[in-house]
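The values are calculated or read from the model by the stated rules, or taken from the named source; none is laboratory data. This one's a predicted model, so the numbers in the text were calculated from it and none came from an experiment. For neighbour counting, all protein chains shown are included, and Cβ atoms are generated from backbone atoms with ideal geometry for every residue, glycine included. Ligands, DNA and RNA are excluded from the accessible area calculation, which covers all protein heavy atoms including side chains. Shrake-Rupley method; radii C 1.70, N 1.55, O 1.52, S 1.80 Å.
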Amino acid sequence: PVSTSIPGGAYITYQIPKDPNLRYVKAVYETQPGKQYEVKSSVYSDTLKVEGFGDTQPHEVKLYSVGKNEKQSEPLTIEVIPLTPSIETVYGTVQLAATFGGVNVKLNNPNRANLAIVVIADTANTGKWTELHTFYSSADRGSFSLRGLDTLSLKFGVYLRDRWYNKTDTVIKNLVPLYEEEIDKGSWAPLYLAGDDFAYKENYHLPALWDKQFGYFGHLFASANAQMPQTVTWDLGKKVILSRMKSWHHPEGPYDGPSVKEFEIWGANRY
């Protein structure tokens, strides 16, 4: 057998045994003491993938050929040396920063590994960590924000975990979440600018976008113009800093009828 190293694992290529009773070939290995895994490959493949190692140390893998009666051969042992695991590569890119109402975590994951991003904090300032939230992602770039926190200085931490229960060290940072409150919409008013789409569908007028009513009966904005792109404009009545928003979709199905699939928000100070 020949092994080809990959991040956190290896491909093992072998010659398929010439036995008409062969059912499959399997590999048995431990990623760490007590954590044993096995992978199988049919008689139509000459390659097995072993993965889940959390380091770049040599690891033993035992190969077995298994017959149609489930009787397995004596093991053939091969040594594999994984490349740096993706979880460690991603850990080196983690950035932790304060954001509106909470904390933001950014990272790069070029191998698109399935990872858990665990956010913890010393909420009582006693040195004891409390798990606040876990994000799950395999995106190549990630930006995750945890909201609803008070504007108090806290010691935050982030560590990564993969599906083989490998864990990284913890990125620790003292942060103060930025103050955030819902914008008062009492001063909002529609503007009817040239080029805007304010020829409303039935009575679904523009202020229905922010009147806190959901559903039909005048509380759903829609334009009669079917051409794209469409533009609408309204006045917030005062200067604000926008941090996030909530979009309420068509009540009988997201992205049906007048619901928006893709949009941009542009702003300008008029005062």
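Pairs over the 22 Å Cα-Cα cut-off, from the set Lys128/Lys167; Lys173/Lys239; Lys128/Lys173; Lys35/Lys106: Lys173/Lys239; Lys35/Lys106.
Relative to the Cα centre, the charge distribution of segment 17-169, modelled as +1 at Lys and Arg Cβ and -1 at Asp and Glu Cβ, gives a dipole magnitude of about 400 debye.
Rounded to the nearest 0.05, what FRET efficiency do Arg161 and Met228 have when you use their Cβ-Cβ distance and R0 = 30 Å? Rounded to the nearest 0.05, the efficiency is 0.10.
In straight-distance terms, cross-link reach from Lys185 covers every one of the aspartates and glutamates whose alpha-carbon lies under 13 Å from its own, apart from those fewer than eight places away in the same chain; here that gives Asp211, Asp235. Summary value for segment 85-236: 21 percent relative contact order, contacts being C-alpha pairs under 8 angstrom separated by 6+ residues.
Taking Cβ atoms as reference points and 10 Å as the exclusive limit, the residues near Glu38 contribute a net charge of +3, counting Lys and Arg as +1 and Asp and Glu as -1. Put simply, the convex hull of the Cα atoms in the chain casts, on average, a shadow of 22.6 nm².
Roughly how many percent of the accessible protein surface of segment 162-207 is carbon and sulfur, given a 1.4 Å probe and a whole-percent answer? Accessible surface attributable to carbon and sulfur in segment 162-207 totals 53 percent. Computed as a quarter of the hull surface, the mean projected area of the alpha carbon convex hull for segment 1-124 stands at 10.8 nm². Carbon and sulfur atoms: what percent of the 1.4 Å accessible area of segment 29-140 do they account for? Reported share for carbon and sulfur atoms: 46 percent.
Under 15 Å from the Cβ of Pro58, count the other residues' Cβ atoms, weight Lys and Arg +1, Asp and Glu -1, and hand me the total. Result for the local shell: -3.
Extending 7 Å from the Cα toward the beta-carbon at both Thr93 and Gln15 defines two label points whose distance is 4.2 nm.
Per residue, the accessible area of the chain comes to 65 Å², computed with a 1.4 Å probe over protein heavy atoms only.
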